[in-house]
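Q: Please read through the structure below; I'll follow up with questions.
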Amino acid sequence: MAGPFTSGAGAPVAGGPVAGGGHSSAGVVLTGPVQGGGRSGLGRFLTRLAGGRRLVVAVPYGWLLLFFLVPFLIVLKIALSSSQVGIPPFTPMFETSLDEGKTIVNLVWYNFTYLLSDNLYIIAYLNSLWIAAIATVLCLLLGYPMAYAIAKADPRWRAPLLMLVILPFWTSFLIRVYAWIGILRNEGVLNNLLMWTGLIDQPLHLLYTPGATYVGIVYNYLPFMILPLYATLEKMDNTLLEAAADLGCPPWKAFLRITLPLSVPGMLAGSLLVFIPATGEFVIPELLGGPDTLMIGRVLWAEFFNNRDWPVASAVAVALLLFLVVPIMLFQNVQGKQQGKA
Amino acid sequence: MPKSWFLRFGLLVGLLFLYIPILLLIVMSFNEGRLGVWTGFSLHWYAQLFQNDQLLGAAWLSVQVAFVSASGAVVLGTMAGMLLARFGAFRGRALFSGMVSAPLVMPEVIMGLAMLLLFVSLEQLTGWPEGRGMMTIILAHITFTMSFVTVVVQSRLVSLDASLEEAAMDLGARPAKVFFVITLPIIAPAIVSGWLLAFTLSLDDLVITSFVSGPGSSTLPQVVFSSVRLGVSPQINALATIVVSIVALGILGAGFYNARQEKLRRRDEQLAQQQGG
């Protein structure tokens with residue numbers, strides 16, 4: 001670029017011809033090098049822009065393709081191969097036999113039919129959905145009043161209260177799960193307290209139960225429920241409630257008919273943020289649940305690390321993706337589009 | 001809207017639920033005995049912790065991994081955030097935004113398995129990466145944490161209108177200059193919180209790390225997990241107390257810093273108004 005403009009931000013250009021040219025050409029940054037090609041010097045400038053632009057597109061795009069998309073294709077590929085003893089413990093997809101010079105494609109379906117034939121996998125899958133659903137409802141019941149209370153609090157108090165909700169999230173996940181082991185185990189704090197008050201004289205078996213798993217999931221995922229709920233409730237128009245009150249509507253009815261329906265998007269967002277990761281959860285059922293707390297994440301882990309059956313582990317992953325993650329992402333997509341229209 | 005006792009009660013119960021386990025964890029780290037009864041004050045679990053070479057080594061590895069991963073994730077995540085917030089339509093945008101948001105909801109076991117199979121296949125094809133260790137852990141951590149950075153940076157960019165950047169472009173600043181002189185300072189808070197978020201997530205990750213780490217490269221969560229699996233170990237309480245203290249101090253510090261900045265900004269605004277009027 002020529003002239004005084006090279007010195008950039010400090011140049012005294014207010015009211016100058018370029019600034020007067022105005023924001024119509026601002027689209028240059030955003031929509032590509034086609035617009036606003038009238039001015040001299042701009043051409044060169046746009047070429048550079050296109051180069052930088054390509055780099056900014058290519059680097060993160062390439063990274064995600066290589067390290068996120070390609071791995072899933074490999075998972076699919078290995079789910080369709082058979083396991084063998086060796087390193088790596090699965091058969092190659094393409095095999096060239098020396099005597100015939102032909103390439104054989106090895107694809108097998110039996111890892112998937114195996115998942116269907118053994119009840120373990122279906123039970124684990126349904127059980128994961130069930131545990132995650134109950135934990136999500138519990139998060140909603142506990143989180144809704146909290147989010148509502150923060151949204152209704154004095155504005156000065158909102159940020160500190162939110163910080164209090166988020167703060168445990170910054171400490172380690174494992175430490176938060178571990179905290180409950182110390183509370184729930186037979187010699188733990190809760191049993192000692194109950195025995196000291198005389199309510200029980202034998203320690204209750206609390207740890208390594210499904211109940212402990214629920215507590216663990218609710219405890220760890222509660223902030224994910226509260227934050228979207230708070231965001232929705234805080235934006236809500238208070239005049240609606242005032243109008244309802246003026247017209248003689250009791251507060252509980254106003255809540256049911258106004259607040260609750262208006263907060264549905266927040267409830268949905270929060271529920272998804274809890275439900276999906278909870279379904280695939282491994283650490284919480286492993287540390288707090290008993291051996292019978294069967295969840296699909298644990299099954300995948302065991303297939304991979306204990307049985308070293310990589311193809312079956314991959315098939316479990318593919319099934320989980322198809323029946324959990326893909327439907328939910330499609331649902332979110334459709335919902336997003338609907339909101340966009342509205 | 002009258003203040004409802006029910007809401008206050010709900011908030012109180014929720015906060016107690018969130019904090020009592022952590023407080024108990026801290027109290028028990030100073031307990032002399034192993035069991036869930038108070039037997040006397042003692043610091044010997046801390047002394048044991050600082051002699052536990054395996055745990056300290058793992059902690060050091062974790063901090064290194066988290067530092068490199070968070071830095072990498074911030075660079076990639078900021079680029080991705082710019083791409084989504086400022087570049088409008090480009091070819092493959094839908095796929096890109098899908099790839100950015102998928103790690104946010106993807107079960108960790110699937111991510112971990114997929115990353116490991118990628119590294120194994122890459123090694124078969126190209127001989128790189130040789131075996132698994134710190135390198136593969138870092139690559140995996142950058143990949144799953146960059147999504148979080150992208151979301152933070154993108155939402156900051158969307159909430160700011162682009163007029164400053166547009167003005168600078170109109171005045172002839174080059175895109176790179178616009179980015180470093182205008183955009184970067186504006187989104188700096190988002191980048192800092194994105195880095196901290198990525199650092200914490202990386203430091204904390206167990207599942208993905210377990211898949212992609214090799215023998216001899218165990219991170220802190222892996223060591224903690226294998227010790228916790230065997231039952232309660234008060235050394236872990238001591239470790240937890242140290243982690244919680246660092247986090248609390250950091251967040252309080254950031255809170256005070258922000259409040260102070262806000263105060264200064266308000267004072268400047270007032271001064272400007274007085275001078276203007």
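Readers should treat all values here as calculations from the given coordinates under stated rules, not as data from a laboratory. Owing to the predicted nature of the structure, the values given are computational and were not obtained by experimental measurement. Note that each Cβ is placed from the backbone with ideal geometry, even for glycine, and that neighbours are counted across all protein chains shown.
Q: If Lys and Arg each add +1 and Asp and Glu each add -1, what is the summed charge of the other residues whose beta carbon sits under 15 Å from the beta carbon of residue A:79?
A: That sum, taken over residues with Cβ under 15 Å, equals -1.
Q: If you don't mind, another one. Which helices, counted as full DSSP H runs in chain B, have an axial Cα extent of no less than 15 Å and a Kyte-Doolittle average of -1.0 or above?
A: Taking the DSSP H segments of chain B (at least 15 Å long, mean hydropathy at least -1.0), we get B:5-29, B:53-86, B:93-105, B:108-126, B:134-159, B:184-204, B:234-276.
Q: Could you tell me which of rounded, prolate or oblate describes chain B, using a ≥ b ≥ c as the square roots of the eigenvalues of the alpha-carbon gyration tensor, with rounded for a/c under 1.5 and, failing that, prolate when a/b is larger than b/c and oblate otherwise?
A: The shape class here is oblate.
Q: If you don't mind, another one. Could you work out the helix-only [θ] at 222 nm for chain B, with each DSSP H run of four or more residues adding -39,500 (n - 2.57) and the total divided by the number of residues, to the nearest 500 deg cm²/dmol?
A: Theoretical 222 nm ellipticity from helices: -26500 deg cm²/dmol.
Q: Give the calculated FRET efficiency between residue A:322 and residue B:89 to the nearest 0.05, with a Förster radius of 22 Å applied to their Cβ-Cβ distance.
A: Calculated value: 0.15.
Q: Here's something else I'd like to know. Just rank B:174, A:158, fewest to most, by other beta-carbon atoms within 10 angstrom.
A: A:158, B:174
Q: So, one more: Rounded, prolate or oblate: which fits the protein assembly as shown when a ≥ b ≥ c are the square roots of the eigenvalues of the alpha-carbon gyration tensor, with rounded for a/c under 1.5 and prolate only if a/b beats b/c?
A: oblate
Q: When ranked by the protection proxy of mean other Cβ atoms within 10 Å per residue, highest first, what sequence do the peptides A:194-204, A:288-298, B:226-236 form?
A: A:288-298, B:226-236, A:194-204
Q: Can I ask one more? Within 10 Å of each residue's Cβ, count the other Cβ atoms and sort A:309, B:170, B:53 from fewest upward.
A: Ordered from fewest to most neighbouring Cβ atoms within 10 Å, A:309, B:170, B:53 come out as B:53, A:309, B:170.
Q: For the charge dipole of the range B:53-227, defined by +1 on Lys and Arg C-beta atoms and -1 on Asp and Glu C-beta atoms about the Cα centroid, which residue among B:193, B:113, B:211 has the Cα displaced farthest towards the positive pole?
A: B:193
Q: For labels at residue B:262 and residue A:164 in the simple 7 Å Cα→Cβ model, what's the distance in nm?
A: Once both label points are built, they end up 1.6 nm from each other.
Q: Please give the net charge around residue A:279, taking every other residue with its beta carbon less than 13 angstrom from that of residue A:279, where Lys and Arg add +1 and Asp and Glu add -1.
A: -1
Q: Mind telling me which of B:122, B:239, B:56 comes out most flexible in a GNM of chain B, alpha-carbon contacts under 10 Å?
A: Looking only at B:122, B:239, B:56, the largest GNM fluctuation is found for B:122.
Q: Same structure again: Compute log10 of I(q)/I(0) for the range A:191-235 with the Debye formula, placing one identical point scatterer on every Cα and leaving out solvent, at q = 0.18, 0.29 Å⁻¹, to two decimals.
A: Ignoring solvent entirely, the Cα scatterers give -0.68, -0.94.
Q: How do A:205, B:141 line up, fewest other C-beta atoms within 10 Å first?
A: In increasing order of surrounding Cβ atoms, one gets A:205, B:141.
Q: Turning to a different aspect of this structure: How high is the relative contact order of chain B, in percent, with contacts defined as C-alpha pairs under 8 Å that are six or more residues apart?
A: Relative contact order, chain B: 30 percent.
Q: Which of the three applies to the range A:238-342, rounded, prolate or oblate, going by the alpha-carbon gyration tensor with a ≥ b ≥ c and a/c under 1.5 meaning rounded?
A: oblate
Q: How far apart, in nanometres, would the label points at residue B:155 and residue B:230 be if each is projected 7 angstrom from Cα along the Cα-to-Cβ direction?
A: Taking the simple label geometry, residue B:155 and residue B:230 are separated by 4.2 nm.
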